[in-house]
Structures are given as structure tokens and as C-alpha cells.
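What follows is one structure encoded as C-alpha cells, with my remarks underneath.
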Amino acid sequence: MSSQSTKLRDLIHCGIFAAITAVLAQLEIPLPLVPISGQTLAVGLAATILGSRKGALAMVCYVLLGTVGLPVFAGATGGIPILFGPTGGYIFAFIFTAFITGYYLEKTAFTIPHAMIANTLAMILALCLGTIWLKYAVKITWPVAIAGGVTPFIIPGLLKAFLASWIGVNVRKRLISANIMQETPTKHKKVPA
């Protein structure tokens, strides 16, 4: 496959995962400050399936779609005000958490246990970044920010980390075996010279 074909295929994969994130964002449980949504599940799936670079690029595409006003964020919202509102820190964190999840897997192995570790670490990072943003965006105290931006998300976050790991690793294997995507070399795999 030519380099140009590979780049086009990679862009298509990123676009597909930006769209999946937009769809899963609409599955939400409203809460007073920040809703529980399917966005973080989609971020974990993108990173577990695509790896660091393409997973992060998919999230950049997603954020850009929302920035221009398309209703891709939770609650079918979009636009710059959402990015500077209470949930903006979580949305920006998707880019970093996708990269970190994929990077961890590329340095270890694309297995369910490693994916669970990577997705759990990413969830913690997203909650930290999002809660810091929430505190300052809404001008609330740390206890209120933690109660509204961390506590309700721990159990759902662990569940989504498990689902992203299990589904992501299995889908990734099938896509590679179907030659729909190329396997990303990991630290433990020997790369042909």
C-alpha cells in the first residue's frame, strides 16, 4: 500500500472515531455540573484501537467539529462557549488522554490488562484536568468541584475503562487480521529491519 493510501486510510479512521465520539456523547446522564456521557468511552476506544497519534488526532477532529458549532458535545451542544464552560477541561483532556492511553499501549502491549491500566490512568488524568478547569470556570471551591467533577465519575469511569479495554483490544485484533489497519509495533515486538 502506498504512503498516500496509508495516510488517507489513517485520516478515515480518525474521522470515524471523531464521529463515534459525537454519537456516544449523546448518551448521557445529566448531573448538576457535568453530565456522565459516553464521550470518555469513545476516547478510550479510539486510543486502544488506533494508538497514540491517530487516537489523539481523532480527538482533535472531534474538538474542532464542536468548536465550529456542530452539536457533537454532550447534550447535542457545540461552539466555543461550551469549551470555556464547566465541561471544557474534560473536552480538551480527551486529546491528551487519547495520546497517553495509546502511548502506554505502544510501549507495552495491546492486551486487555495493559489497556485497562492505560484507560484507568487516562480517566484519572481527565478527571484531574477537568476538575481543575471546572473549579475556575464556575468559580467554586475545591470540595464542590471534586464532589461535582470527580466523585460521580469514578465508578462509571472504571466501567468505561473496562469496556474500552475489552472492546478496543478485540476490535483492534479483528481490524488488523482483516487488513483494515496496520499493527502498531510495540516495545515487545521486533520490528523488521
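The values are calculated or read from the model by the stated rules, or taken from the named source; none is laboratory data. Every value quoted in this text rests on a predicted model; they were computed, and no experiment measured them. Don't worry about glycine lacking a Cβ; one is built from the backbone with ideal geometry, like all the others, and counts go over all protein chains shown.
Being farther than 15 Å from residue 61 by Cβ, among the hydrophobic types (A, V, I, L, M, F, W, C) and assigned to a helix (DSSP H, G or I) is the filter here, so list the residues in the range 84-95 that pass it.
93
Output the qualifying pairs, or none if there are none: Cβ atoms under 7 angstrom, residues six or more apart or on different chains, first residue in the range 142-156 and surrounded by fewer than 16 Cβ atoms within 10 Å (Cβ to Cβ), second residue at pLDDT 95 or above.
Close Cβ pairs (under 7 Å, with a partner that is at pLDDT 95 or above) amount to 142/135; 146/131.
Between a first residue in the range 166-186 that is closer than 17 Å to residue 53 by Cβ and a second residue that is assigned to a loop (DSSP other than H, G, I, E, B) and of a type in the set (D, E, K, R), which pairs have beta carbons less than 7 Å apart while being 6 or more apart in sequence or on different chains?
176/183
Can you tell me which condition residue 184 does not meet? The list is (1) closer than 23 Å to residue 29 by Cα; (2) at pLDDT below 95, and all the others hold.
Residue 184 satisfies every listed condition except (1).
Residues in the range 135-159 that are assigned to a loop (DSSP other than H, G, I, E, B), more than 22 Å from residue 122 (Cβ to Cβ) and among the β-branched types (Val, Ile, Thr): how many?
Qualifying residue count, the range 135-159: 2.
If residue 127 passes every condition in (1) of a type in the set (A, V, I, L, M); (2) touching a residue at least 40 places away in the same chain (Cβ under 8 Å); (3) crowded, with 17+ Cβ neighbours inside 10 Å but one, which one does it miss?
The one condition residue 127 does not meet is (2).
Among the listed residues 47, 109, 56, 98, identify the single one that is hydrophobic (A, V, I, L, M, F, W, C) and not in a helix (DSSP H, G or I).
109
Please tell me if residue 65 is in contact (Cβ under 8 Å) with a residue 60 or more places away in the chain and in a helix (DSSP H, G or I).
no
Looking at 66, 51, 44, can you tell me which residue is under 18 Å from residue 127 (Cβ atoms), at pLDDT 95 or above, buried (at least 18 other Cβ atoms within 10 Å of the Cβ) and not aliphatic (A, V, I, L, M)?
44
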